[in-house]
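Down below is the structure, laid out as structure tokens.
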Amino acid sequence: MSSSWEIPTAESELKLVTKELSQLWLRPGERLLLACVPISGYVGLLLDGELRLPHEPLSPMPEVTLGTPRWPLPAAFTIESRGADWADDPTVAFWASARDPAQHAVRFADHFAHSQGEAGLTLTSQRVAVVYPARILADAASRHAFVTVCELAPQSVRSVSGAHVGRSIPNPLVIRVDFADGSTLFVRDPLAARRLTPGT
């Protein structure tokens with residue numbers, strides 16, 4: 001359950017992120033459909049039956065200037081349930097499932113893990129992308145305010161919806177992205193309940 005200050009804080013951050021992306025990142029004629037604020041937490045991945053928690057990137061990543069996260073390790077119940085209860089563990093902010101390391105959800109999970117949640121999931125009328133704030137990149141001085149590190153055509157996504165996950169009461173509503181390649185990404189976003197309709 002969100003604390004009384006979490007939603008107002010997230011709303012304020014969302015307004016800022018939306019304004020900055022609209023002014024500094026969108027292409028002419030492109031509409032911003034969904035932007036996520038930075039989300040602190042680990043990434044979990046169930047890859048062809050193998051549990052990776054905390055997940056570490058499988059593909060080459062840009063150099064970033066971030067310290068070691070101070071978050072506690074994921075709870076034992078999350079590991080014992082093979083991630084079935086990941087949404088009940090506040091240390092886990094992202095979850096993905098895939099059959100192959102080359103699938104889209106794994107590529108996105110790699111960047112969320114590498115950026116410690118500073119990178120954001122962004123959907124527009126023209127693309128779905130992972131966007132890094134330039135300030136965390138080692139070569140930020142030569143960059144724009146935002147840097148796209150992973151970008152897919154809209155057809156790469158089958159659906160985006162809200163999903164109730166976990167066993168808590170009430171169980172949290174998170175963002176669910178189903179990719180056309182069969183992989184799935186979940187993002188814990190404090191505003192998901194207000195922004196997306198729960199899927200079936």
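The values are calculated or read from the model by the stated rules, or taken from the named source; none is laboratory data. Just so it is clear, the model here is predicted, and its values are computed rather than measured. Here the Cβ is made from the backbone with ideal geometry for all residues, glycine too, and neighbour counts use every protein chain on show. Accessible surface is based on the protein model in full, side chains and every heavy atom, while ligands, DNA and RNA are left aside. Shrake-Rupley method; radii C 1.70, N 1.55, O 1.52, S 1.80 Å.
Rounded to the nearest 5, the antiparallel percentage of DSSP beta bridges internal to the range 40-159 is 70%.
Simple rule: put +1 on each Lys or Arg Cβ and -1 on each Asp or Glu Cβ in the chain, find the dipole, and look at Met61, Val174, Val17; the Cα lying farthest toward the positive end is Val17. Helical runs assigned H by DSSP (4 residues or longer) give the chain a calculated mean residue ellipticity at 222 nm of -5500 deg cm²/dmol, each run adding -39500 (n - 2.57) before division by the residue total. In percent, rounded to a whole number, the relative contact order of the range 62-164 is 21, using alpha-carbon pairs under 8 Å and six or more apart.
Qualifying trypsin sites (Lys or Arg not before Pro) in the range 86-194, where qualification requires a DSSP coil assignment and no more than 11 other C-beta atoms within 10 Å, comprise Arg167.
Net charge in the neighbourhood of Glu118 (other residues with Cβ under 13 Å of its Cβ; Lys, Arg +1, Asp, Glu -1) is 0.
Rounded to the nearest 20, the size of the Cβ-charge dipole of the chain about its Cα centre is 520 debye, with Lys and Arg at +1 and Asp and Glu at -1.
Using only the Cα atoms of the chain, each taken as one equal point scatterer with no solvent, compute I(q) by the Debye sum, divide by I(0), and report log10 of the ratio at q = 0.11, 0.17 Å⁻¹. These q points yield log10 I(q)/I(0) values of -0.47, -1.23.
In sequence order, the range 55-64 has phi-based couplings of 6, 10, x, 9, 10, x, 10, x, 6, 10 Hz under the Karplus curve 6.51 cos²θ - 1.76 cosθ + 1.60, θ = phi - 60°, and Gly or Pro positions carry x. The share of accessible area on the range 102-180 that comes from carbon and sulfur is 49 percent, using a 1.4 angstrom probe. Checking every one of the GluC sites (Glu not before Pro) in the range 4-91 against DSSP loop status and a limit of 14 other Cβ atoms within 10 Å picks out Glu30, Glu63.
Entry comment: accessible area of the chain is 51 Å² per residue, from protein heavy atoms only and a probe of 1.4 Å.
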